[in-house]
Ligand code: SF4
């Protein structure tokens, strides 16, 4: 899936995130408003301890997320250097 195909669900990325998170609620469940606040520092810090951080980042990039904090990153629509080249290409 690419960011130009928003009607397809990123099932692989969703499954990877669900698997990584397991039954432990992620930190964003504690303070969801922080993840869309104008100042993203608190959300970015909360993501650092999340066991699904890389999977969350991959999902956000796969769906072309354009705002909010996902996977420890405040989105400005740039592929992350932490992702594989193929995923980076899919996210751009
Ligand atoms: S990495 Fe994703 S799932 Fe984890 S706290 Fe951050 S936004 Fe939530």
Q: Would you mind ranking 9, 61 by Cβ crowding within 10 Å, fewest neighbours first?
A: 9, 61
(Q) Cut-off is 10 Å between beta-carbons; in what order do 13, 76 appear when sorted fewest neighbours first? (A) 76, 13
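None of the figures in this text is laboratory data; all of them are computed from the coordinates on show. Being a predicted model, the structure only gives us computed values, none of them experimental. Glycine gets a Cβ as well: all are built from the backbone with ideal geometry, and neighbour counts include every protein chain shown.
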